[in-house]
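Below you'll find the structure, written out as structure tokens, and then a few comments.
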Amino acid sequence: MRHGRFSGEAAKIAQHYSESVSFDWRLYRYDIAGSLAHAAALAAAGIISPNELAEIEHGLRAIEEEINRGEFVWKPELEDLHMNIESSLTSGIGAAGAKLHTARSRNDQIALDLRMFARFETGEVQHGLRELQRALLEVAEAHRDAIMPGYTHTQRAQPILFAHHLLAHLEALERDHARLQDGLARINVMPLGSGALAGSTIVLDRQLIADRLGFPALSRNSLDAVGDRDFVAEMLFALALIGVHLSRLSEDIILWTTTEFGFATLSDDYSTGSSLMPQKKNSDMAELTRGRTGRLVGNLVALLTTLKGLPTSYQRDLQEDKEPLFDSIDAVKAALVVLSGLVRGMAIHDAVMEKAACDPMLLATDLAEYLVRKGLPFREAHDVVGRLVRDASCALDQIPFERLRETSYFFEADVAEVFNVRQSLVRRTAPGAPSPANVAVELERWRNVLASNLSS
Ligand code: ARG
């Protein structure tokens, strides 16, 4: 690459500073697939002969196998994966290899590679999301009758079904799945043919390339195509938000497995011990997942900051897109696998949750709603029950009827029926609310969603 214009090698430190092959080598499959499609277009345009095309194809496939076997020697002095592969091809097959880069630049080449990578990894992350959803659903189904206190502000609030709580996480993960799917529309745009920035005087059949690589659309502006990393930013956002969701799930699990809550116990294979305190069983997997979210958010901010001041078209700054993307993808995929195993292995203590859920205080709102049904405006009912709670010297359901009547004459003998947690749940029938009937329908719906997505 330096042979014509430069009289010597770049300084070692400059080479070291700018090389990307130490990390971009992992795009090799896409780079080679892109080169194969590009070569086909060169042949179709008569730039290379059918024989040369066959040589290039053979040479590239041999390189791919060499890389697969771990035998390819990546040379940092060749800067990036593109030059490494091209140089190996040319030394393998000679003249034909030297023609491959006609009407192509590394600028449109890296854009293509990264898009193909992002497309593949989108599917991988979606698959991981489905796995975790399945794990959560299995636990929800196994404990479908378990009731627990629902919390707001981490304070006991109202009773819910444990399955309803787990299904809340399935909803968030479903949005993540859909968000990644939406991103595909912008990933799936074929940039090859944009050249360095202005296309080429040698005009290739871009549609042929796109068809071979499975791209439904061609980029429409060469300047934009080499400089656009929106799809990376979007993916980093989607991954950061997955991280946030996994972090919140982790936090739930960390709370549930404390002695104070006692709702769940981690399996031995997904927990850690203390080097000092022999009794400890720590939830490090959940904590690391929660902690690693910092990196995911950081990677998004890093890329947005890199992009912010860039002039239109390709700038070398864009090389900084890869490490954050690789890191976020690796971190999220690993977290999804680990959390799936952790969730599946958790022992759930239904009786402990039920005992906590049977705190009559959780039905204070039900009591106010009872008064509403008797005709009292809600604000007044709220006030009446608030005063009962404040002044009670016993559990809410033990307050003598006469005392209730003194507070409000809207109380009648049937008030005792309020203090039945399961009945309280049965009444919560609005769509989205946690009545056992609703939750059963949702469990069934999720089972179908996840069964029909077994392949995704
Ligand atoms: N390593 C570069 C990147 O990741 C590839 C494109 C290099 N282009 C160039 N003109 N130096 O963005």
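The values are calculated or read from the model by the stated rules, or taken from the named source; none is laboratory data. Every value quoted in this text rests on a predicted model; they were computed, and no experiment measured them. Ideal geometry is used to build each Cβ from the backbone, glycine not excepted, and the neighbour counts take in all protein chains shown. Heads up: the accessible areas ignore ligands, DNA and RNA and are worked out on the full protein's heavy atoms, side chains in. Shrake-Rupley method; radii C 1.70, N 1.55, O 1.52, S 1.80 Å.
The table that follows gives values for the structure above.
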item: Given (1) closer than 26 Å to residue 321 by Cβ; (2) more than 16 Å from the ligand (Cβ to nearest atom); (3) at pLDDT 95 or above, index of the condition residue 11 fails; result: (3)
item: Failed condition for residue 178, given (1) surrounded by fewer than 21 Cβ atoms within 10 Å (Cβ to Cβ); (2) closer than 30 Å to residue 19 by Cβ; result: (2)
item: Qualifying residues in the stretch 131-161 (those that are touching a Phe, Trp or Tyr at 6+ places or on another chain (Cβ under 6 Å) and within 15 Å of residue 350 (Cα to Cα)) - the one most open to solvent (accessible area, probe 1.4 Å); result: 143
item: Residues located in the stretch 193-221, provided they are among the aliphatic types (A, V, I, L, M) and either over 21 Å from residue 233 (Cβ atoms) or outside any loop (DSSP other than H, G, I, E, B) (or both); result: 196, 198, 202, 203, 204, 208, 209, 210, 213, 217, 218
item: Those helices (runs of 4 or more DSSP H) lying entirely in the stretch 77-158 with at least 1 residues more than 23 Å from residue 262 (Cα to Cα) and within 16 Å of the ligand (Cβ to nearest atom); result: 81-93, 106-142
item: Any hit, the stretch 402-419, residues being under 44 Å from the mean Cα position of the chain (by Cα) and surrounded by 13 or more Cβ atoms within 10 Å (Cβ to Cβ); result: yes
item: Residue among 226, 244, 232 that alone is under 25 Å from residue 306 (Cβ atoms) and either more than 16 Å from the ligand (Cβ to nearest atom) or open to solvent by 10 Å² or more (accessible area, probe 1.4 Å) (or both); result: 244
item: Matching entry among 59, 34, 97, 8 (being closer than 21 Å to residue 314 by Cα and open to solvent by less than 50 Å² (accessible area, probe 1.4 Å)); result: 34
item: Which numbered condition residue 32 misses (of (1) under 31 Å from the mean Cα position of the chain (by Cα); (2) within 14 Å of residue 89 (Cα to Cα); (3) away from the ligand (no atom under 16 Å from the Cβ)); result: (3)
